[in-house]
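The values are calculated or read from the model by the stated rules, or taken from the named source; none is laboratory data. Quantities reported herein were computed from a predicted structural model and do not represent experimental measurements. Here the Cβ positions follow ideal geometry from the backbone for every residue, glycine too, while neighbour counts run over all protein chains shown. Just the protein is used for accessible areas: all its heavy atoms, side chains included, with ligands, DNA and RNA removed. Shrake-Rupley method; radii C 1.70, N 1.55, O 1.52, S 1.80 Å.
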Amino acid sequence: GTYRVDYSTDYSKGNFDFEVRKLENIDMRVDALNKIGSVIPFEVVVDNNGYNDFSGIVHTETEFFKDSLDVSIKSGERCIKKVYIDVKNMSAGNYIVKFYLRKENRIIASIEKTIEIKPSDIKIMCLGQEGSIFNAGEDVIFRFKLINEGDTKGDCKIDFKFDDIFSAAKIESLEADAEKEIAFEFLIPEDMEEGMYKAEYSHRDEKENI
């Protein structure tokens, strides 16, 4: 900042101004960006507000991830770095991510962020079978799409039943944000009477009719 000094003697008085500048004045900001699949990106912004050029290292640490990035910034400029943390092999829960800006053995700035890793959350959609017409004596196929909306890998068991003539179960494993299609195929007996029938599928004790 700018400061003023007043002085006086037996013969005169006056004042003069002077400016104090910090040779090293560094600010750091960390923002979490939109998740990409199982990867959580962070943007690290470092501003050099001092009057000297700056060189240091940004360290990122959590219990399952470590990374270091060099930063070199001229006076009055900004440096932006990206850190990508893959959480697909982690258990669900909350984790602290620590960001340190170091110069030699000194910590210039430090910031902590919390990330939430959600458990697997698999949704099931039946693909266009409702109201379908099948002929006796032909093979039929019921297709389903599985979507894992969670942050971690998970297993999904689907039980399928068509009247009293067919029942089966399938277990599928899906990575975070993954999609997969599965199918149940069976033969409708030739002597099956005409009429309306219902198929049923269940997942996690939730039942749906088709």
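When the accessible area of segment 1-70 is split by element with a 1.4 Å probe, what percent falls to carbon and sulfur?
Summing carbon and sulfur atoms, their accessible area is 45 percent of the total for segment 1-70.
With every protein chain left in place, what is the accessible area per residue of the chain in square angstrom, probe 1.4 Å?
On a per-residue basis, the chain sits at 66 Å².
What ³J(HN,Hα) values, in whole Hz, does the Karplus curve 6.51 cos²θ - 1.76 cosθ + 1.60 give for segment 102-115 when θ = phi - 60°, with x put for Gly and Pro?
10, 10, 6, 9, 9, 8, 7, 7, 8, 9, 10, 10, 9, 10
Cα atoms only, segment 1-111: Rg and Dmax in Å?
For segment 1-111, the Cα-based Rg and Dmax read 21.4, 80 Å.
Convert each backbone phi in segment 41-53 into a coupling constant with the Karplus relation 6.51 cos²θ - 1.76 cosθ + 1.60 (shift: θ = phi - 60°), then list the ³J(HN,Hα) values in order as whole Hz, x for Gly and Pro.
In residue order, the calculated couplings are x, 10, 10, 9, 10, 10, 10, 9, 9, x, 9, 10, 5 Hz.
Calculate the tail of P(r) for the chain: the fraction of all Cα-Cα distances greater than 26 Å, expressed in %.
Percent of Cα pairs beyond 26 Å in the chain: 61.
Rg over Rh of segment 115-196, using C-alpha atoms and the Kirkwood radius, what does it come to?
The Rg/Rh ratio comes out at 1.11.
Among L101, F162, F142, flag the residue with its Cα farthest along the positive direction of the charge dipole of segment 72-163, charges on Cβ as +1 for Lys/Arg and -1 for Asp/Glu.
So the residue furthest toward the plus end is L101.
List the residues whose amide H sits under 5 Å from the amide H of G150, counting only those 5 or more places along or on another chain, with H placed 1.01 Å from N in the peptide plane.
Correct list: D121, D177.
Can you list residues whose amide H is under 5 Å from I85's amide H, if they're 5+ apart or on another chain and H is modeled 1.01 Å from N?
The answer is I40, F42.
When all protein chains stay in place, what accessible area (Å², nearest 10, 1.4 Å probe) is found for E208?
90 Å²
Would you mind computing Rg(Cα) / (2.2 N^0.38 Å) for segment 48-170, counting N as its residues?
My calculation over the Cα atoms of segment 48-170 gives 1.91.
Tabulate in residue order the Karplus-calculated ³J(HN,Hα) for segment 136-143, using 6.51 cos²θ - 1.76 cosθ + 1.60 with θ = phi - 60°, rounded to whole Hz; enter x for Gly and Pro.
Along segment 136-143, the couplings run 4, x, 10, 6, 10, 10, 10, 10 Hz.
With only Lys, Arg, Asp and Glu charged, each at its Cβ (+1 for the first two, -1 for the last two), find how big the charge dipole of the chain is about the Cα centre; round to the nearest 20 debye.
Result for the chain is approximately 1680 debye, rounded to the nearest 20.
For A199, what residues show an amide H to amide H distance below 5 Å, using hydrogens built from the backbone and excluding near sequence neighbours?
The answer is I210.
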